[in-house]
Structures are given as C-alpha cells and as structure tokens.
Amino acid sequence: MNGLQIILLLIVAGICGMGSVLDEAQTHRPLVACTLVGLVLGDITTGIILGGTLEMMALGWMNVGLAMAPDTAIASVISTILVITANQGIGEGIAIAVPLAAAGQALTIFVRTITVFFVHKADNYAAEGNFRGIEAMHLLALAMQALRVMIPTLIISMISAQAVSNFLNSIPEVITGGLQIGGGIIVVVGYAMVINMMDVPNLKPFFYIGFLFAAFTNFNLVGFGGLGLCFALLFIQLKYINSNKTVVATEQAAMSYDDDDLDA
C-alpha cells in the first residue's frame, strides 16, 4: 500500500465517519464505504461483494432514540482493507466486521459523549451572538466523528499485509464458517425486510415483472438496473399525468358549480 492510497483511505474513512452522524448521503453504509475502499485499493469487485453482503446484514442497524446501533462505518472500512490487502474471502470479512461493528458502537458512544462539551460551548456562543463560534463547535464535533474512523484506519494501513494475513489465517475455520453461515441467514432476513417495505399494492406488479424477467431471461444486474430505472420513470410519468387530470377535473367541477350558483 503506497502513500497515495493511505491518504485516499483516510479521506474515505473521514467521510464515512461524518456520514455516520449526518445520515444524509448514507456514506457510512457498507455498500458505499466498502466500494470506495475497494476502488482505492484497486479491487472494486471485492469491495462491492463484501459491501453488498454486509449491507444486507446491517439493514436493521439504525439509531432509534438513545439506542445506538452497531457502527457500520468503521466495520466496513477496516474489514475491506484487511480482506483486500490480505487476499481473504468474504467469510473472513464478515468475521472481522461483526466485532468491529460492536467496538465501533462503543467508540461512537464515547465520542458523542465528548461532543456534549462542544454543544454546550455552542450554546454559550449563541447567547453571545457569535455565529462563527457556533459554526466552529459544529465543525469540531463533526471532526471528532471523522477522526474516530480515520485513526483506526491509519493504524491498520501501517500494518504489513503479511502480518494481517497471518492473523486472519489464525482464526479457526469453525468461527469464520459459522459467521459466514450466520451472515447468509441474516442476508435472507434482510431481503425479507426489503420485500415487506415493498408491500405496496401499486408497486407489486413491478416486483412480479422483475421476478419473471429474472426467472425466464438471461438479464444481468446492469440490465435489471436499467429496466428498473425505466419502470420508475414510467410510473412517475403516469402518476403525474393522472394527478394533472384530477386537478383539471376538480377545477372544472368547481367552475361548473360557480356558474350554477350564479344562475340561481
């Protein structure tokens, strides 16, 4: 791993760390984080496969109230680095990601506790009308979340690939195999959750059409992606046309009612 790759990995780690608290661009999700790390390390295929597997496992991981979910940012970034640099498989990646997510959960709670100081400091600046001070406190708190992922990433990047490979090879096969089987079961649960979210009567025909295409054609994932995009655009256009017709009909009915009222 050269210096440029380490710098790019730190940038990706910082973005993922900040994304874990912003939740806007979803950069902390495994599918995004693993893919970016794979792109930096020159093995985007492994990054996408590992990211997709971890994404299905992490579908139900979300922060609800004060309940902190396992951290996907640090788990995705570091597990992808270790898997690619040590030429390991997806099973080893799952075996690494699960404990890393738990460790990252504890770490993000610790960092969020520290950022309470910056929040109170921002309150003081607000009372003084110091807008620059408020912005600085927000940026410092966000930087803490970035460093939370960047520092472990830097440490892992400095370890030799041979040492990482020896460590991963020392993990008993019963552990990696068990976690891989468990990860596969969780993936099935993830697909079930997605299907439940798609349980909308207006969208079910598109789901069935996609299933039929998958069963009776040789379409690849790129083809299905393009087909899904076309169906989505068609659905939006038809919905827009119908909504316009409803508005026109309502306006005409209102005008007709006014004319009758005047005639009376």
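The values are calculated or read from the model by the stated rules, or taken from the named source; none is laboratory data. None of these values were measured; they are calculated from a predicted model. Cβ coordinates were reconstructed from backbone atoms using ideal geometry, including for glycine residues, and neighbour counts include every protein chain displayed. Surface areas here come from the heavy atoms of the whole protein model, side chains and all, with no ligands, DNA or RNA. Shrake-Rupley method; radii C 1.70, N 1.55, O 1.52, S 1.80 Å.
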Summed side-chain charge close to Glu92 - residues other than Glu92 whose Cβ falls under 15 Å, Lys, Arg +1, Asp, Glu -1: -2
Heavy-atom accessible area of Lys121, protein chains in place, probe 1.4 angstrom, given in Å² to nearest 10, is 80 Å²
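For the ranges 80-89, 23-32, what's the packing order if you count other beta-carbon atoms within 10 Å of each residue, average per peptide, and put the highest first?
Ranked by mean Cβ neighbours within 10 Å, highest first: 80-89, 23-32.
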When the charge dipole of the stretch 1-148 is computed with +1 at the Cβ of Lys and Arg and -1 at the Cβ of Asp and Glu, the Cα pointing farthest to the positive end, of Leu22, Ile81, Asn124, is that of Asn124
With every protein chain present, what accessible area does Ile11 have (1.4 Å probe, heavy atoms only), rounded to the nearest 10 Å²? 90 Å²
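Classify the stretch 7-150 as rounded, prolate or oblate, taking a ≥ b ≥ c as the square roots of the eigenvalues of its Cα gyration tensor: rounded when a/c is under 1.5, otherwise prolate if a/b is larger than b/c and oblate if not.
On the way: a/c = 2.77, a/b = 2.02, b/c = 1.37.
Taking the square roots of the gyration eigenvalues as a ≥ b ≥ c, the stretch 7-150 is prolate.
For the stretch 3-172, what relative contact order do you get, as a whole percent, if you take Cα pairs closer than 8 Å and at least 6 residues apart? It would help to have the intermediate numbers written out before the result.
Details: 219 pairs, mean separation 44.9, N = 170.
After rounding, I find 26 percent.
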Solvent-accessible surface ranking, highest first, for Met57, Met150 at 1.4 angstrom: Met150, Met57
For Thr113 and Ile6, what does the FRET efficiency come to when R0 = 30 Å and r is the distance between their Cβ atoms, rounded to the nearest 0.05? 0.55
